[in-house]
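All remarks here apply to the structure that follows.
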Amino acid sequence: MRAIALILVAASPAAGQGVIFALSGATSPTLYRLNASTGALIASYPVTGHQALRGGMVFIYADAGLTAIDGALDGNPDRLVTINPQSGAVTIRPAIGTEWTRHSVIYGDSSSYLAIGDNTLYRINRTTGQTTLIAPLSGSPRLDQVTAMARYSNDETYIVDTIDTDLFRLDLTNGQVTWIGSIGQSDNPFLDLSGYTAGALIGVRANGGIYSISRATAAQSLLFEGNYTAVEYVSYGAPLCYANCDGSTTLPVLTANDFLCFLNKFVAGDSYANCDGSVPPWTLTAGDFQCFLYSFAGGCP
């Protein structure tokens, strides 16, 4: 199964201020944690308990990990899975009731994901896996088969396709695309994208390499060598466990300081405090406090 990835991230202030998660392979991959400034290896974990992760992954606070779509073009429905970013362990999530040749998944809101299956935009129920059609992708004669996607927290969403590796902006309400430019190398498509900075995405190509891609011009630049099939950038300001708001690493990880941290972010209107996942233009409400309490009670992996 070839797959595409769709990532929800806040635009980070500068390149390298965080970590990069990367997968190598589909059926027996390794999860790598890399220094985003140098590409140096921080840690690696074997990933087991799945069929074939042939697409990207997205870090989602509510899932406490890296969520992806798993499937092997074997006639059985694809399913959601979540990878523990600190061990590589896979948690099996609901089957989505269909099998896509190319697919992607992204956090939509507190009850659903957004996904693309074979160039069509869908909503997936987080609990049941049921899919609901939103719209086929359309709007540009340059669009062919989409291979990777990324979404920023301001709802700006980007996709790339195969021929000329064109970069497009995607409207999540109606599936309309707007062409930005051609990255080039039709025989070397991007397998995954992630948000990186306010002005650039990062992506991994089939023939190797982690590249930055200008959101304005589609110009690319090689950042790091390496053969990877999925990539996800997480800023240092984003704890791997949502309830660990202050990012502490000593035990006990969750303390009263995390409540104070969340309160400060809520008062400041920080997007981190949008715990219940309301989509832009979002507002912070009592529902976010309740969501944080549930996350805190659930603990950290």
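The values are calculated or read from the model by the stated rules, or taken from the named source; none is laboratory data. Keep in mind it's a predicted model, so treat the numbers as computed, not measured. Cβ atoms come from the backbone with ideal geometry, glycine included; neighbour counts cover every protein chain shown.
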Looking at this structure, is Thr165 farther than 20 Å from Phe59 by Cβ, of a type in the set (S, T, N, Q) and crowded, with 21+ Cβ neighbours inside 10 Å? yes
When region 135-157 is checked residue by residue, the ones that are outside any loop (DSSP other than H, G, I, E, B) and at pLDDT below 95 are Val146, Thr147, Ala148, Met149, Ala150, Arg151, Tyr152, Thr157
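For residues that are at pLDDT below 95 and buried (at least 16 other Cβ atoms within 10 Å of the Cβ), scanning just region 181-190, find the one that is farthest from the chain's Cα centre (by Cα).
Once the filter is applied, the top-ranked residue is Pro189.
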Scan region 34-61 for residues that are among the small types (Gly, Ala, Ser), farther than 19 Å from Gly209 by Cα and surrounded by fewer than 18 Cβ atoms within 10 Å (Cβ to Cβ) and report the count. 1
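May I ask you to verify whether Asp161 is outside the structural domain of Asn274 (by TED's automatic domain parsing) and over 19 Å from the mean Cα position of the chain (by Cα)?
No.
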Of everything in region 57-73, what is at pLDDT below 80 and not in a strand (DSSP E or B)? Give them in sequence order. Tyr61, Ala62, Asp63, Ala64, Gly71, Ala72, Leu73
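Give the number of residues within region 191-228 that are of a type in the set (S, T, N, Q), modelled with pLDDT of 90 or more and within 23 Å of Pro85 (Cβ to Cβ). Spell out the reasoning first.
Of all residues in region 191-228, those of a type in the set (S, T, N, Q) come to 194, 197, 207, 212, 214, 217, 220-221, 227.
Remaining after also requiring modelled with pLDDT of 90 or more: 194, 207, 212, 214, 217, 220-221, 227.
With within 23 Å of Pro85 (Cβ to Cβ) added as a condition, the list becomes 194, 212, 227.
Selection size over region 191-228: 3.
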